[in-house]
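Notes follow the structure.
The values are calculated or read from the model by the stated rules, or taken from the named source; none is laboratory data. Small disclaimer: the values here were computed from a predicted structure and weren't measured. Here the Cβ is made from the backbone with ideal geometry for all residues, glycine too, and neighbour counts use every protein chain on show. Side chains are part of the model used for accessible areas, which takes the heavy atoms of the whole protein and leaves out ligands, DNA and RNA. Shrake-Rupley method; radii C 1.70, N 1.55, O 1.52, S 1.80 Å.
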Protein chains: 2
Amino acid sequence: MTAQKPVPAMLAVDWGGTWCRMGLIDRHGEVLWQARRPNPRGGSRTDYLSLGASLLNEAFSVEDIRALGIGIAVAGPVDPDSGILYQPPNLMALDGISLKRMWREQYGLPVLVGNDANYAAVGEFHFGAGRDAAQAGHPPRSLFYVTVSTGIGGGAVMRVPGLPEPSLLLGANGLTAEVGHTTVDTAVGAPLCQCGKRGCLEAVSSGTAIANYARAALAEGRHRDSALAAIALEELSSRAVVAAGVQGDAFANAVMSRACEGLAVGLANMVHLFNPDLIILGGGVSEGLTQLNLLPTIRQGIHDRLMSELHKAFDLVPSVLGDNSGLLGAAAAAWEGSEL
Amino acid sequence: MTAQKPVPAMLAVDWGGTWCRMGLIDRHGEVLWQARRPNPRGGSRTDYLSLGASLLNEAFSVEDIRALGIGIAVAGPVDPDSGILYQPPNLMALDGISLKRMWREQYGLPVLVGNDANYAAVGEFHFGAGRDAAQAGHPPRSLFYVTVSTGIGGGAVMRVPGLPEPSLLLGANGLTAEVGHTTVDTAVGAPLCQCGKRGCLEAVSSGTAIANYARAALAEGRHRDSALAAIALEELSSRAVVAAGVQGDAFANAVMSRACEGLAVGLANMVHLFNPDLIILGGGVSEGLTQLNLLPTIRQGIHDRLMSELHKAFDLVPSVLGDNSGLLGAAAAAWEGSEL
């Protein structure tokens with residue numbers, strides 16, 4: 001009996017504000033193994049690192065699969081060179097440390113790290129909406145991924161002369177594509193963002209903003225005929241607004257229209273700067289937008305704000321990978337890195 | 001007697017709305033020869049092409065210099081692959097043609113073409129403010145060039161993994177970095193832009209916008225104590241506003257402050273998306289901003305709108321190359337292209 005040759009894979013990590021998820025992913029984006037555990041809320045740095053180590057050990061002990069490298073998507077700002085995390089609001093226990101350096105030394109494997117929205121863009125490019133577009137004969141030359149969820153983030157993948165494939169844009173410190181904190185409402189009384197500024201896209205069109213806006217209007221006693229008026233204010237979520245919209249609730253649909261306006265302004269600004277041919281909407285709120293058939297409305301809103309016909313030559317599509325985009329992006333980045 | 005070996009150079013072209021300029025530029029950005037002629041205003045396509053051919057012939061007949069290739073910066077949208085110009089507002093005689101294809105066939109040399117603001121970014125990177133930063137120990141990893149002049153344009157040069165040097169970002173069709181048409185005023189009555197939209201940066205902070213705003217206020221009979229009130233309305237220019245500002249004129253300085261506000265909003269949005277470490281202000285109005293010592297004001301205005309401390313780690317500097325940035329950028333792009 002001969003030993004079976006192990007299947008090569010990348011160990012992908014997606015460490016978010018709630019879960020630490022890991023997967024073993026092959027060259028084609030197939031998930032060969034996957035596991036997740038909830039973060040130790042309120043735990044110390046050691047608690048978090050133990051959780052990571054324990055999941056890593058599980059992954060390394062999966063039979064017949066050999067991890068060639070590690071790719072890590074994290075929910076927060078991260079320097080791609082040093083791997084250091086900078087004050088990740090939802091992962092503060094890991095502030096200032098470099099999983100990249102730590103795990104590279106510990107496991108002797110190449111490690112790449114990136115912001116989760118950036119890596120989601122890489123995932124969609126290689127294994128999701130970008131791959132679909134390429135297979136349909138339109139390989140994307142400039143792809144922009146937006147996640148509309150509790151917050152709003154983004155990632156950009158663009159062709160550059162001299163490279164065979166489009167590349168993730170990292171900027172000076174890995175902090176590109178923060179479309180959620182571009183200004184889409186310049187009024188003095190524009191909604192306040194959690195970042196401290198007013199009028200950010202995130203403060204107008206995120207799940208949090210949708211819920212806040214609906215809650216404020218209902219608290220004033222307006223829209224009593226809306227189905228949303230029957231929900232306890234503290235339980236009102238963007239998900240409930242979407243659900244009511246699907247049922248034809250006029251107030252819910254007005255709330256969602258306002259979110260679409262914000263997205264149109266922010267994405268039109270982005271289109272003028274990145275000239276994308278493919279825009280991908282991911283995240284929970286985007287699923288709601290798709291359900292409500294609002295993508296054509298958003299696309300029209302962007303078109304209305306563009307300076308030239310040529311800028312309008314983009315597709316706007318929902319995420320193909322959904323919750324797995326960050327994980328698959330971390331794997332894709334690790335595979336890419338292994339070929340450099 | 002032995003023949004002198006000719007000096008290798010690139011033939012750089014900067015074709016703007018007023019002048020067609022050409023230069024022979026060596027590997028280090030030295031201008032070895034330069035000439036310019038005014039556009040044949042109201043002339044036919046043939047008139048424009050004759051002008052180009054005549055200047056090219058002049059350049060090719062310069063003794064002791066051998067052009068290895070041609071780089072062309074044009075004032076308008078251009079597809080970098082096909083070289084086709086798309087409705088360049090100030091060069092409509094050349095709409096739909098490809099100087100790249102035409103001259104490559106005619107002269108048997110490699111030809112590269114790009115938008116003038118994009119190429120100005122390349123010029124500043126290789127031979128201007130970018131080179132200065134590199135020599136001071138801070139080679140830029142993400143450089144954004146903005147030209148504030150009659151209109152407002154831009155160009156982005158960014159590092160990407162796998163390439164030894166930062167690269168010009170082209171997007172899907174060479175239409176990136178159009179910061180002038182991002183929205184910086186979302187009010188219903190925001191100033192109208194020549195592109196047809198309201199509230200564009202160009203409609204708030206360009207030379208045209210500065211003159212329009214001053215003119216409108218003076219036409220209403222306000223600010224009679226300003227030195228600008230003595231100028232015939234139709235002769236009022238942004239240059240006159242800057243000159244009055246330098247003399248301490250309060251109204252002129254208020255007009256310039258408003259332009260700075262617009263720049264702060266537009267550039268803060270850009271910083272969230274490109275995460276630059278070097279922002280370069282070029283164009284005639286920027287010279288005025290520098291004269292009035294307004295760059296620290298603009299930088300502070302950008303800082304006030306940024307989501308994180310790390311995003312603030314950029315320098316904001318005036319253009320080093322001035323009027324020559326497009327020409328030197330065309331040369332730099334041609335030199336870069338010759339090495340691929």
- Consider B:I279 against the criteria (1) within 14 Å of chain A (Cβ to nearest Cβ); (2) without any contact (Cβ under 8 Å) to a residue 60 or more places away in the chain: it satisfies all of them except one. Which criterion is unmet? (2)
- Note on A:G221: of the conditions (1) assigned to a loop (DSSP other than H, G, I, E, B); (2) more than 10 Å from every other protein chain (Cβ to nearest Cβ); (3) open to solvent by 40 Å² or more (accessible area, probe 1.4 Å), unmet is (3)
- Note on the structure: A:G17 passes all but one of the listed conditions (1) in contact with a helix residue (DSSP H, G or I) (Cβ under 8 Å, 6 or more places away or on another chain); (2) in a loop (DSSP other than H, G, I, E, B); the exception is number (1)
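For segment B:274-291, name all the residues that are open to solvent by 30 Å² or more (accessible area, probe 1.4 Å) and outside any helix (DSSP H, G or I). Spell out the reasoning first.
Filtering segment B:274-291 for residues open to solvent by 30 Å² or more (accessible area, probe 1.4 Å) gives B:277, B:284, B:287, B:290-291.
Within segment B:274-291, B:D277 is the sole residue that qualifies.
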- Scanning segment B:161-173 for residues that are under 19 Å from the mean Cα position of the chain (by Cα) and of a type in the set (G, A, S), the one nearest to the other protein chains (Cβ to nearest Cβ) turns out to be B:G171
- When you go through (1) open to solvent by less than 10 Å² (accessible area, probe 1.4 Å); (2) in contact (Cβ under 8 Å) with a residue 60 or more places away in the chain; (3) more than 14 Å from chain B (Cβ to nearest Cβ) one by one for A:S319, which number turns out not to apply? (1)
- Does A:G71 meet the test of being part of a loop (DSSP other than H, G, I, E, B) and surrounded by 17 or more Cβ atoms within 10 Å (Cβ to Cβ)? no
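Residue-by-condition table, conditions (1) of a type in the set (F, W, Y); (2) in contact with an Asp or Glu (Cβ under 7 Å, 6 or more places away or on another chain); (3) under 30 Å from B:G196 (Cα atoms):
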site: B:D14; (1), (2), (3): no, yes, yes
site: B:P38; (1), (2), (3): no, no, yes
site: B:G43; (1), (2), (3): no, no, yes
site: B:E58; (1), (2), (3): no, no, no
site: B:S61; (1), (2), (3): no, no, no
site: B:I97; (1), (2), (3): no, no, yes
site: B:G114; (1), (2), (3): no, no, yes
site: B:Y119; (1), (2), (3): yes, no, yes
- Message: Residues to consider are B:T147, B:T176; find the one that is within 21 Å of the chain's Cα centre (by Cα) and away from chain A (no Cβ under 14 Å).
- Response: B:T147
- Restricted to segment A:188-218 and to residues being more than 27 Å from the chain's Cα centre (by Cα) and crowded, with 17+ Cβ neighbours inside 10 Å, the residue farthest from B:F314 (Cα to Cα) is A:L218
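For segment B:296-316, which positions are assigned to a helix (DSSP H, G or I), more than 7 Å from every other protein chain (Cβ to nearest Cβ) and in contact (Cβ under 8 Å) with a residue 40 or more places away in the chain?
Step one: filter segment B:296-316 for residues assigned to a helix (DSSP H, G or I), giving B:296-303, B:310-312.
Narrowing the set further to residues that are more than 7 Å from every other protein chain (Cβ to nearest Cβ) leaves B:296-303, B:312.
Matches in segment B:296-316: B:T297, B:G301.
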- Condition test on B:R45, is it open to solvent by 40 Å² or more (accessible area, probe 1.4 Å), more than 21 Å from B:P8 (Cβ to Cβ), at pLDDT 95 or above and within 23 Å of the chain's Cα centre (by Cα)? no
- Message: Can you report the number of residues in segment B:212-242 which are under 20 Å from B:G282 (Cβ atoms) and small (G, A, S)?
- Response: 2
- Message: Looking at B:V241, B:V271 in this structure, which one is within 14 Å of chain A (Cβ to nearest Cβ), open to solvent by less than 10 Å² (accessible area, probe 1.4 Å) and either in a helix (DSSP H, G or I) or at pLDDT below 95 (or both)?
- Response: B:V271
- Note on the structure: Residue count, segment A:188-201, condition over 19 Å from B:L310 (Cβ atoms) and either part of a loop (DSSP other than H, G, I, E, B) or facing chain B (nearest Cβ under 8 Å) (or both), comes to 5
- Among (1) more than 14 Å from every other protein chain (Cβ to nearest Cβ); (2) within 11 Å of the chain's Cα centre (by Cα), where does B:D64 come up short? (2)
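Scan segment A:245-268 for residues that are open to solvent by 10 Å² or more (accessible area, probe 1.4 Å) and either among the charged types (D, E, K, R) or away from chain B (no Cβ under 14 Å) (or both) and report the count. Write out each step before concluding.
Restricting attention to segment A:245-268, the residues satisfying the condition of being open to solvent by 10 Å² or more (accessible area, probe 1.4 Å) are A:246-251, A:253-254, A:257-258, A:261, A:265.
If we keep only those that are either among the charged types (D, E, K, R) or away from chain B (no Cβ under 14 Å) (or both) as well, we get A:246-251, A:253-254, A:257-258, A:261.
Going through segment A:245-268 one residue at a time, the tally reaches 11.
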- Message: I'd like to verify a number: residues in segment A:231-242 that are in contact with a Ser or Thr (Cβ under 9 Å, 6 or more places away or on another chain) and farther than 13 Å from A:A209 by Cα, how many?
- Response: 1
